[in-house]
1. Stretch Asp85-Trp110 to full length: gain in nm at 0.36 nm per residue minus the Cα-Cα span?
2. Quickly estimate the mean residue ellipticity at 222 nm for the chain, helices only: each DSSP H run with n ≥ 4 gives -39500 (n - 2.57), and the total goes over all residues, rounded to 500.
3. Got a sec? Charge dipole of region 252-326, +1 on Cβ for Lys and Arg, -1 for Asp and Glu; which of Phe260, Thr301, Phe317 is way out at the positive end?
4. Enter the per residue convex hull volume of region 281-331, computed from alpha-carbon coordinates, in Å³ rounded to the nearest integer.
5. Working out 0.36 nm times the residue gap between Arg58 and Thr270, then minus their Cα-Cα distance, what length gain in nm do you get to one decimal?
6. If I model region 226-331 as equal point scatterers sitting on the Cα atoms and use the Debye formula, what is log10 I(q)/I(0) at q = 0.11, 0.22 Å⁻¹?
7. Measure nothing but the geometry: give the 0 to 90° angle between the long axis through the Cα atoms of 71-80 and the longest principal axis through the Cα atoms of the chain, rounded to 10°.
8. Assuming R0 = 45 Å, can you tell me the calculated FRET efficiency for the pair Asp92 and Gln167, based on Cβ-Cβ distance, to the nearest 0.05?
Amino acid sequence: MPDIILPTRLDDENEQTRAVYARYGAATYAASLLEVEFIHILATIEQQKATSAGRTLREDPWKKRYAKGTMGVFLDALKGKRLLDAHPGLADELSNAIDTRNHLTHQYWWHEVGETFSRTGRTNMLRYLEQQRGDFDRLTTRLRQDITLPLNPPAKIHRQLPAEDAQTREMYARFGAAVYFANCLEVGFINNLAIADVKQAKASKTRIDDPWDRRFADKSLTMGKLLSHVKQGGHLAGHPGLAADLETALESRNELAHHFWVSRIEDSLTEAGRDRLIKNLEHRREAFQTANNSMDALVVTPLMESLGISQEQSDRFAQGMQFREQNKYGD
């Protein structure tokens, strides 16, 4: 079994844990504002070229990019237009920001989940996440001053971090919780595949490397690839309803990772819009939790029991891991 198991819920009554969720949401929101700045620059250039040539664009260049593309693709386009050449170090800083954003989106909870069990660990998480939020915000400001404003775009397109009232923090926290529970489901896929590897090795009496460590270390293993491996292994063959729910969960998680904030910037700026986002995000979190519980009950637990590992033994292992992490800093 792995050293770190994502708990299927964090203590909702722990205000510091909720603050971690909120800082995570704020950091990813700030990263999305940087992405919106990329989109705005590229769309402005496209619109200006069309206006200079006296032609009308068939598709709104802002909507086109909001609907598709990734942060990395947009940055490559900016570099291709040589817009960053006159600003030493900016291209490297933006590339590093994308690496950080990708880490937050894809690996952060896996790497840091042990920290969530102690006050000192959560304090470390809050400090890191706030630093990243500040770095994204600083880069957005610099990009706007150095590139966007000289292009003379419509002022109404500019975005900045909203003032953090209680509702905005709640919106951020719901986003952080939704992504966390999506990662719980992702770890459920890893547990399924790893236990299946152990079962096969035991049957064939062969030695294998740690199937948990191998998968946690493989950054190319996206949630989509993991689900494909689970399906290919036949683990969902008798559970068509669960398979459909997992596909829906994957689509929802991918939207959270790549498009959620960017496509909903307008909602995030109004009280009514934030209320809609809070409800949407809580619905997603509940759906991830339900899918993970079903995955555990229908697939993972039967696999473990086939190896002679009872649910009670698994629970004791998880409790031991949690106790160790809670006491790591002596607080």
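1. Answer, rounded to one decimal: 5.4 nm.
2. Numbers: 15 runs with 232 residues, N = 331.
Only helices count here, giving -23000 deg cm²/dmol.
3. The listed residue farthest towards the positive side: Phe260.
4. Working: hull volume 4.7 nm³, N = 51.
Once divided by residue count, the hull of region 281-331 is 91 Å³.
5. Working: separation 212, 0.36 × 212 = 76.32 nm, distance 3.02 nm.
Working it through step by step, the gained length comes to 73.3 nm.
6. These q points yield log10 I(q)/I(0) values of -0.56, -1.11.
7. So the helix axis and the longest Cα principal axis differ by about 40 degrees.
8. 0.80
The values are calculated or read from the model by the stated rules, or taken from the named source; none is laboratory data. Only a predicted model underlies this, so the values are computations on that prediction, with no experimental measurement involved. No Cβ is skipped: glycine too gets one built from the backbone with ideal geometry, and neighbour counts run over all protein chains shown. Side chains included, ligands, DNA and RNA excluded: accessible areas come from the protein's heavy atoms. Shrake-Rupley method; radii C 1.70, N 1.55, O 1.52, S 1.80 Å.
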